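Written below as structure tokens is the structure these notes are about.
The values are calculated or read from the model by the stated rules, or taken from the named source; none is laboratory data. Owing to the predicted nature of the structure, the values given are computational and were not obtained by experimental measurement. Methodologically, a virtual Cβ is constructed for each residue, glycine included, from the backbone with ideal geometry; neighbour enumeration extends over all protein chains shown.
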Amino acid sequence: MNRAAAKDRINKLKALINDYRYQYHVLDESTMSEAAADSLKHELSTLEAEYPDLITADSPTQRIAGEPLAKFSQVTHSSRMLSLNDVFNTKEVMAWVERLRKLSPTTSFEYFADVKMDGLACALIYEDGQLTTAVTRGNGFVGEDVTLNVRTIENVPLQLRRKAGHEHLCQGRTEVRGEIIMLIADFEALNSQRAAESKPLFANPRNLAAGTIRQLDPALAAARPLRFRAYDLLRENPSDVPTNSLAYEALQNIGISANTEAKVFSSVEDVLAYAQYWGEARHNLPFNTDGLVIKLNDRALYADLGVVGKAPRAAVAYKYAAEEATTTVIDIILSIGRTGTANPVAVFEPVVVAGSTVQHATLHNTDEIARKDIRVGDTVIIYKAGDIIPQVLKVLTELRPKNAKPFNMEAELQRQYPELDFERVPGEAAYRMKNVSGPLLLKRALEHFASKGAMDIDTLGEKNVAALVDSGLVTDLASIYALTEDQILTVDRFASLSAQKLVSGIQATKQPPLPRFIYGLGIRHVGSQTAIDLANAFGSLPALAQANLDELQAVDGIGKVVAESIAAWFADADNEELLKKFTDLGVAPFHETHEDGPLHGEKFVITGGLETMTRDQAADKIRALGGAFQSTLGKDTTYLVVGANVGAAKLAKAAKYGTKQINETELMNLIGHN
């Protein structure tokens with residue numbers, strides 16, 4: 001992205017993020033999830049890091065969210081309520097530690113880690129042990145006085161407990177910072193009650209907690225099960241609280257709730273192990289969380305290291321894999337399903353969602369695309385439905401390119417499948433191939449899968465395929481591997497010997513060469529040589545399934561149309577399920593490379609008939625020796641093998657390209673055929 005494009009993108013991102021932050025922090029309304037907003041902020045930070053001269057004072061990366069509401073009186077914080085920089089993986093945590101070590105090279109760091117709560121940040125101010133003021137974060141410098149509402153929260157002490165060793169905290173000014181939250185069980189119980197009363201349900205615990213505190217009626221706050229969890233303790237004399245771990249101990253002793261999950265670590269490796277543990281165990285917590293807070297335990301060192309922009313140097317927020325993220329739609333391609341339905345698939349700039357990389361998602365049908373107004377070039381929020389299937393949640397139209405056009409299903413069908421006819425069935429949203437049924441498509445697909453160039457199952461010819469599909473025993477390509485002799489014997493066409501032979505023939509192909517398996521899948525535009533090229537380029541079926549359009553087009557001979565077809569096939573939900581079924585039934589393609597073969601780098605075309613072997617046998621032998629077999633003559637062809645009854649045009653073309661012409665005997669010498 002050049003500077004002009006980056007500037008335009010930055011300005012759009014800033015406007016969208018600032019609008020989200022106003023809605024979320026000031027009005028307690030949410031236009032998108034926090035995970036999606038984090039994704040946008042991460043993109044903005046990345047662009048600003050690449051073009052630092054484009055950073056402005058009003059950027060969301062340079063400030064803390066939200067202006068205080070006018071309906072509450074405003075209170076200036078004794079010290080700025082900072083937010084934290086986010087880190088998302090081990091590499092970024094280690095980079096943070098390395099920066100600290102450069103600033104303080106002789107110090108042995110001790111780390112303090114706690115589960116990050118998802119609530120409304122608030123500061124409680126105690127004078128001589130009595131609660132006097134409760135203030136929201138606001139913009140970090142000035143917050144809102146919500147004392148009357150906070151006083152209704154049962155676990156907020158109006159008077160601090162005096163306990164031996166901590167009496168000094170009940171003298172003078174003590175400030176406790178933390179989060180106002182609602183436990184998941186309380187939230188669900190409240191929503192169940194509202195459902196029984198036919199009232200609208202609340203969206204999530206965080207928004208409910210924030211909205212309850214930031215309204216003017218203390219009686220409403222008292223009626224809702226809010227809680228306060230502390231994460232910091234401030235005194236005018238910093239030596240009163242020398243470490244974060246002692247702060248938590250003191251909080252508990254003076255009657256303030258704090259997380260019991262917090263721990264001290266002497267190595268960053270232990271911190272990372274702890275983060276990994278909570279990545280799995282966080283769903284068992286009574287409150288919502290999206291990560292850990294990791295900071296230096298020594299508070300004097302913490303203060304000495306200072307603040308950069310909006311965040312302290314000595315602390316970070318370790319964010320777990322987002323269940324939502326933003327990305328860009330780079331294409332919409334069509335896949336033909338097993339019933340002949342045209343299934344639209346969005347191709348994305350790769351993005352990590354819920355711990356895995358997502359680069360495509362089904363768009364279901366043309367009505368769904370129109371309803372969400374999804375266009376190529378759009379920035380979208382995506383999520384994992386059931387933490388498994390990627391889906392488009394929403395289009396961020398504020399970031400839409402000026403030249404983005406609405407998706408035209410019929411035009412795309414004509415462009416991507418010009419040789420096929422489609423119709424939209426009345427009363428349905430889907431477009432289907434005309435005059436083609438699901439069983440007919442399956443028969444064609446299975447015949448191809450069993451053919452000599454693919455899996456070479458000689459017992460599975462056209463008539464056997466038709467009988468098995470018509471009987472209902474075979475419902476997809478993979479289901480042939482579940483067939484038993486007893487099942488086959490129920491079909492009129494088969495006797496004991498033929499059933500046994502069929503099962504044996506199928507089972508013998510459970511470890512097929514990867515190129516044959518890829519070719520057998522019947523991916524449009526993928527012939528036998530393209531399947532070989534794909535196997536050589538990616539080495540395994542999972543790697544091929546995860547390849548993006550750029551990676552596919554980097555394979556010699558694969559252009560945009562073929563790449564789109566491959567990506568669409570692997571993005572189709574039916575095909576994903578089919579591949580899983582193959583694996584579950586023990587089908588395991590393998591790949592052997594022949595880069596050290598004597599014919600590596602040589603490319604062959606055979607024209608005319610051969611006497612000593614078939615064309616396919618010759619091709620297999622050439623490939624086994626590292627050579628490439630081509631179906632058509634090109635400028636890069638090394639050898640044209642001239643057999644019987646060859647036309648003059650092909651010989652003239654070979655002469656024009658300077659391709660070496662050899663006869664069958666010379667080919668046999670090259671491949672060592674006896």
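Where strands (runs of 3 or more DSSP E) fall entirely within the stretch 303-354, none has at least 3 residues that are modelled with pLDDT of 90 or more, more than 30 Å from K116 (Cβ to Cβ) and of a type in the set (S, T, Y).
Is it true that some residue in the stretch 108-130 is over 24 Å from L285 (Cβ atoms), touching a Cys at 6+ places or on another chain (Cβ under 8 Å) and small (G, A, S)? Yes, the stretch 108-130 has at least one match. Among the residues of the stretch 612-640, the ones that are aliphatic (A, V, I, L, M) and outside any helix (DSSP H, G or I) come to 5 in all. With respect to Y126, determine if the residue is at pLDDT 95 or above, of a type outside the set (D, E, K, R) and in contact with a Ser or Thr (Cβ under 7 Å, 6 or more places away or on another chain). Here the answer is yes, as Y126 does meet what is asked.
For (1) touching a helix residue (DSSP H, G or I) at 6+ places or on another chain (Cβ under 9 Å); (2) modelled with pLDDT of 95 or more; (3) part of a helix (DSSP H, G or I); (4) of a type in the set (F, W, Y), each residue gets a yes or a no:
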| site | (1), (2), (3), (4) |
| --- | --- |
| H448 | yes, no, yes, no |
| K452 | yes, no, no, no |
| T459 | yes, no, no, no |
| K463 | no, no, yes, no |
| D470 | yes, no, yes, no |
| D476 | yes, no, no, no |
| T490 | yes, no, no, no |
| F494 | yes, no, no, yes |
| S498 | yes, no, yes, no |
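Set side by side, the residues L234, L220, L208 differ, and just one is out of contact with any Leu (no Cβ under 6 Å at 6 or more places or on another chain) and either closer than 23 Å to M32 by Cα or outside the structural domain of N253 (by TED's automatic domain parsing) (or both), which is L208.
For the stretch 457-478, the candidate set comprises residues that are buried (at least 18 other Cβ atoms within 10 Å of the Cβ) and touching a residue at least 40 places away in the same chain (Cβ under 8 Å); within that set, the residue that is farthest from P439 (Cα to Cα) is I457. Of the residues making up the stretch 505-538, just one is closer than 18 Å to V474 by Cβ, among the polar types (S, T, N, Q) and either assigned to a loop (DSSP other than H, G, I, E, B) or free of Cβ contacts under 8 Å to residues at least 24 places away in the same chain (or both), namely T509.
Would you confirm whether or not the stretch 644-652 contains a residue that is closer than 22 Å to G672 by Cα and not assigned by TED's automatic domain parsing to the domain that holds I558? Yes, the stretch 644-652 contains at least one residue that is closer than 22 Å to G672 by Cα and not assigned by TED's automatic domain parsing to the domain that holds I558.
Going by the structure shown, is A411 more than 30 Å from E349 (Cα to Cα) and either modelled with pLDDT of 90 or more or not in a helix (DSSP H, G or I) (or both)? Criteria not met by A411. Could you tell me how many of the residues in the stretch 597-611 are among the aliphatic types (A, V, I, L, M) and either more than 18 Å from G672 (Cα to Cα) or part of a loop (DSSP other than H, G, I, E, B) (or both)? Total meeting the criteria: 2.
Counting only residues that are closer than 29 Å to L148 by Cα, surrounded by fewer than 18 Cβ atoms within 10 Å (Cβ to Cβ) and in contact with an Asp or Glu (Cβ under 8 Å, 6 or more places away or on another chain), the stretch 72-97 holds 3 of them. Of the listed requirements (1) touching a residue at least 40 places away in the same chain (Cβ under 8 Å); (2) part of a strand (DSSP E or B), H364 misses just one: (2). Scanning the stretch 148-177 for residues that are polar (S, T, N, Q) and within 42 Å of the chain's Cα centre (by Cα) yields a count of 3. All conditions but one from (1) surrounded by 17 or more Cβ atoms within 10 Å (Cβ to Cβ); (2) touching a Pro at 6+ places or on another chain (Cβ under 7 Å) apply to S59; the one that does not is (2). Looking at the stretch 552-562, which of the residues that are part of a helix (DSSP H, G or I) and modelled with pLDDT of 90 or more is surrounded by the most Cβ atoms within 10 Å (Cβ to Cβ)? Checked the stretch 552-562; the qualifying residue surrounded by the most Cβ atoms within 10 Å (Cβ to Cβ) is L552.
Only residues that are in contact (Cβ under 8 Å) with a residue 60 or more places away in the chain, closer than 30 Å to Q171 by Cα and not in a strand (DSSP E or B): list them for the stretch 87-128, please. Within the stretch 87-128, E110, M117, G119 meet the criteria. Name the single residue, out of those in the stretch 590-617 being of a type in the set (S, T, Y) and at pLDDT 85 or above, that is surrounded by the most Cβ atoms within 10 Å (Cβ to Cβ). This residue is T607. For first residues located in the stretch 216-237 and in a helix (DSSP H, G or I), partners that are aliphatic (A, V, I, L, M) and lie 6+ apart or on another chain with Cβ distances below 6 Å form the pairs P218/L148. Quickly run through the stretch 311-350 and pick out the residues that are among the β-branched types (V, I, T), surrounded by 20 or more Cβ atoms within 10 Å (Cβ to Cβ) and farther than 30 Å from S437 by Cβ. The answer is V316, T326, T327, V329. Of the residues making up the stretch 173-197, just one is more than 15 Å from R227 (Cα to Cα), part of a strand (DSSP E or B) and either in contact with a helix residue (DSSP H, G or I) (Cβ under 8 Å, 6 or more places away or on another chain) or among the basic types (K, R) (or both), namely R173.
Mind checking whether some residue in the stretch 150-172 is under 27 Å from P242 (Cα atoms), outside any loop (DSSP other than H, G, I, E, B) and either touching a helix residue (DSSP H, G or I) at 6+ places or on another chain (Cβ under 7 Å) or aromatic (F, W, Y) (or both)? Walk me through how you get there before you give the answer.
Start the filter on the stretch 150-172 by keeping residues that are under 27 Å from P242 (Cα atoms), which leaves 155-172.
Next, from what is left, pick out any that are outside any loop (DSSP other than H, G, I, E, B): 159, 167-170.
With the extra rule that they be either touching a helix residue (DSSP H, G or I) at 6+ places or on another chain (Cβ under 7 Å) or aromatic (F, W, Y) (or both), the set shrinks to 168-169.
Yes; the residues of the stretch 150-172 include at least one that is under 27 Å from P242 (Cα atoms), outside any loop (DSSP other than H, G, I, E, B) and either touching a helix residue (DSSP H, G or I) at 6+ places or on another chain (Cβ under 7 Å) or aromatic (F, W, Y) (or both).
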